[in-house]
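Q: Structure incoming, see below.
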Amino acid sequence: MPGMLASDVAQRLARPSRWTPLEIVFWLVALASIWLLPNKHLILTEIAILALFALSLDLILGYAGIISLGHAAFFGFGGYAAGLMAKHALVTEPVLALVLAGLAAAMLGFATSFLVLRGSDLTRLMVTLGVSLVLREIANRYSDLTGGADGLQGITMAPVLGMFKFDLFGHTAYVYSLVVLFLLFVVARRIVNSPFGLSLRSIKGNALRASAIGIPVDRRSIAIYTVAAFYAGVSGALLTQTTAFTSLDVFSFDRSADLLLVLIIGGVGYLYGGLIGAVVFKLMQDWLANITPQYWQFWLGLVLVVIVLVGRERMGRWGAPIRALGGRFAKR
Amino acid sequence: MLTVLFDGIAYGMLLFVLACGLSVTLGLMNLVNLAHGAFAMTGGYVTVVLVNRMGVPFLASVVIAFFATAALGALLERTLYVHVYAKSHLEQVLFTIGLVFMAVAAVDYIMGSSQQFVKIPQALQGQINVLGIGVGKYRLLIILVCGLITLALQLALMKTRFGSRLRAAVDDQRVARGLGINVNVVFAVTFAVGSGLAGLGGALGAEILGLDPIFPLKYMIYFLIVVTVGGTSSITGPFLASILLGIGDVAGKYYAPKLGGFVIYTIMIAVLIWRPQGLFSRPTAR
């Protein structure tokens, strides 16, 4: 825009990083659910974990434009890391184990990011899918360590921070997951609104032009891929810790595919997309599984097909009034 | 050793017939069709119903399976796939995963989740001795049929007018359109034939690959390996890739059963890193 002062530009760029009232309401509702829905904590925990996982995919897909069919690789890696640490009493404190599991997944993410950076969308799809399949095969192969097809059993979780014991009704688990989700969300929010996050968006928009204005495309992509792997690893570890169990299922293709659906429902490239998508997806899945226990996948598939055929842009326009409302609140 | 090789070739030929349709649709319309396996599954189930429940002869059922699946492919192409050509790869992936989920659940609903077996006629069971090697008759049949199909495809692609139109469209769609080739029709026909071939492969392969509702998910990665390793610019690439994959997979399962699919996936990743465009692709003009 011509005639715009540097301060205007700075202000414009800074605006998204301010917390809007709608966002605060969102998190207050999430907080209130701890007391308002005490008998729904099990499914709410699942939602929080899925939301964190979706957040992770959104970081690479929505912001850097890296498409992945095998994001479950990091989820599963973190899950097994947390499970093994707890089972063999290597690190008993859950929060520390959570961070370590996330770091382990991040290391895997860093190592595989070099594979993912090469080639086109199709190659990326194949490589990410391949990595998750290879991990699944490895987990299956070393069944002495991982329990193979039976899953990793006999995990006993120590109390969180040595104070809060995991209970049968999932109260601790939910509060724990929600706190982790919130903290990591705040970090993700900082990341995407920072100059680093803006550079990612420009890479997604046009990698060639981004490199022409001096953005190190490869290095930035590797960085965000590693961060996203950390997030996915933490969400996988959360699942293991809150259920005291993990199995080969964490690497499955369905998990990666469902995750894409979550993100598409909620919206890509906007952090709340993953959170809202996770809520809608889990409620829908729960509802469908109640009606048709065996065939709910059919309706899930139908939702995917319809979303693509109708077009995300058109659906985005239906959601526009809500966002406009949020924007109006923000301006006041 | 030779038996392993033989089984591997049969398996690879089967994979080629299953996946060649996918490689053409990917090359031609840049369409990532993860639902390709669903067509193969359809062919398999059509054969199961025809042979086991209606008593139609096996070979006739296989031919019917081809036409039934081709018709289904043409129908879906005209009604649904047409709308996603122009969309991004992400949306194509989502769309076709959705189709896979629907196919899996629908087949589960209609046919049940247990594995189905086709009753193969007596004449095709057992082994015969060829040059001192025990050779399964059914696998021999597969090699023959798939070999003939491959030859026919190669001839159709290289010698017929349709084949040259198809190749022109793959090489440069815009210029082909400019020359008056109706690319949409070429694509619809190719999609139908590709789906039909997948159905045929599914019908023939039900015995070897196993047929249950999760077939499309189980073999999706194999089809994708064939396509990505073989490249999309010819059918010789996918053919060689299929044979290699078939032999590699059978040998892997035979000599190192504990490793499972590990070897193949690792090789695939290595190939993709080494040559992202596929092992056998020629450099494109663009």
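Every number in this text was worked out from the coordinates using simple rules, so none of it is lab data. All values reported here derive from a predicted model rather than from experimental measurement. All Cβ positions, glycine included, derive from the backbone under ideal geometry; neighbour counts span all protein chains shown.
Q: By per-residue mean of other Cβ atoms within 10 Å, what is the highest-first order of A:34-47, B:214-227, A:79-92, A:283-296?
A: B:214-227, A:79-92, A:34-47, A:283-296
Q: If packing is taken as the mean number of other Cβ atoms within 10 Å per residue, what is the order of B:18-25, B:172-179, B:83-90, highest first? Walk me through the intermediate numbers first.
A: Details: B:18-25: 27.6, B:172-179: 13.1, B:83-90: 16.2.
Those peptides, ordered most packed to least, come out B:18-25, B:83-90, B:172-179.
Q: With unit charges on the beta carbons (Lys and Arg positive, Asp and Glu negative) and the dipole taken about the Cα centre of the protein assembly as shown, which residue among B:GLN116, B:LEU151, A:LEU100 sits farthest to the positive side?
A: Positive-most Cα among the choices belongs to B:LEU151.
Q: Specify which residue in the list A:HIS88, B:LEU209, A:VAL180 is farthest towards the positive end of the charge dipole of the protein assembly as shown, using unit charges on the beta carbon of Lys, Arg (+1) and Asp, Glu (-1), about the Cα centre.
A: Result: A:VAL180.
Q: Set Lys and Arg Cβ to +1 and Asp and Glu Cβ to -1, take the dipole of chain A about its Cα centre, and tell me which of A:LEU248, A:PHE114, A:LEU22 lies farthest positive.
A: Looking along the dipole axis, the top candidate is A:LEU22.
Q: Helix B:236-255 against the longest principal axis of chain B: what's the angle in degrees, Cα atoms only, rounded to the nearest 10?
A: 30 degrees
Q: Between B:VAL63 and A:THR92, what is the label-to-label distance in nm when each label sits 7 Å out along the Cα-to-Cβ direction?
A: 7.4 nm
Q: Compute the distance in nm between two label points, each set 7 Å from the Cα along the Cα-to-Cβ direction, one at B:VAL56 and one at A:ALA289.
A: 3.9 nm
Q: Still on this structure, please answer the following. Once you average over the residues of A:128-137, how many Cβ atoms of partner chains fall within 10 Å of each Cβ?
A: Mean partner-chain Cβ count within 10 Å for A:128-137: 6.
Q: Suppose every Lys and Arg Cβ carries +1 and every Asp and Glu Cβ carries -1, with no other charges. What dipole size does the protein assembly as shown come out with about its Cα centre, to the nearest 20 debye?
A: Working: 44 positive and 25 negative charges, 362 e Å.
The dipole of the protein assembly as shown has a size of about 1740 debye.
Q: Run the dipole for chain A about the Cα centre, Lys and Arg Cβ at +1, Asp and Glu Cβ at -1, nothing else charged, and hand back the magnitude in debye, nearest 20.
A: In total the dipole reaches around 1360 debye.
Q: Within a 10 angstrom radius of each residue's Cβ in A:294-307, how many Cβ atoms of other chains show up on average? Whole number is fine.
A: 6
Q: What is region A:20-278 by shape, rounded, prolate or oblate, if you read a ≥ b ≥ c off the alpha carbon gyration tensor as root eigenvalues and call it rounded for a/c under 1.5, prolate for a/b larger than b/c, and oblate otherwise?
A: Since a/c reaches 1.5 but b/c is at least a/b, the shape of region A:20-278 is classed as oblate.
Q: Relative to the longest principal Cα axis of chain B, at what angle does helix B:262-274 sit, 0 to 90 degrees, rounded to 10?
A: It works out to around 20 degrees.
Q: If you average the sequence gap of Cα pairs under 8 Å that are 6 or more apart and divide by the length of region B:2-274, what percent do you get for the contact order? Show your work: numbers first, answer last.
A: Numbers: 407 pairs, mean separation 114.1, N = 273.
Relative contact order comes out at 42 percent.
Q: For region B:192-236 and region A:253-314, what is the centre-to-centre distance using only Cα atoms, to the nearest Å?
A: 27 Å
Q: Helix B:89-111 versus the longest principal axis of chain B: what angle, 0 to 90°, nearest 10, using Cα atoms?
A: Result, in degrees: 30.
Q: Can you pull out the trypsin sites (Lys or Arg not before Pro) in region A:151-215 whose DSSP state is coil and whose Cβ has at most 11 other Cβ atoms within 10 Å?
A: A:LYS165
Q: Using only atoms on other chains, find how many Cβ atoms lie within 10 Å of each Cβ of peptide B:100-110 and report the average.
A: Taking all residues of B:100-110 together, the mean is 5.
Q: Length gain on complete extension for the stretch A:SER17 to A:ALA32, per 0.36 nm per residue less the alpha carbon to alpha carbon distance?
A: This chain segment gains 3.0 nm when fully extended.
Q: When the dipole is taken about the Cα centre of region B:2-274, and only Lys, Arg (+1) and Asp, Glu (-1) are charged at their Cβ, what size is it in debye, to the nearest 20?
A: Details: 15 positive and 9 negative charges, 79 e Å.
In total the dipole reaches around 380 debye.
Q: Now a separate question. Grab the Cα-Cα distance for A:LEU42 and A:PHE110, subtract it from 0.36 nm times how many residues apart they are, and report the gain in nm with one decimal.
A: Computed gain between A:LEU42 and A:PHE110 is 21.2 nm.
Q: For region A:195-220 and region B:65-85, compute the distance between their C-alpha centroids and round to whole Å.
A: Here the answer is 40 Å between Cα centres.
Q: Mind scanning B:LYS119/B:LYS159; A:LYS204/A:LYS282; B:LYS119/B:LYS253 and naming the pairs with a C-alpha gap bigger than 31 Å?
A: Check vs 31 Å cut-off fails for B:LYS119/B:LYS159.
Q: Which helices count as membrane-span-like in chain A under these terms: full DSSP H, at least 27 Å along the axis by C-alpha, Kyte-Doolittle mean of 0.5 or more?
A: A:94-116, A:121-141, A:171-193, A:217-243, A:272-291
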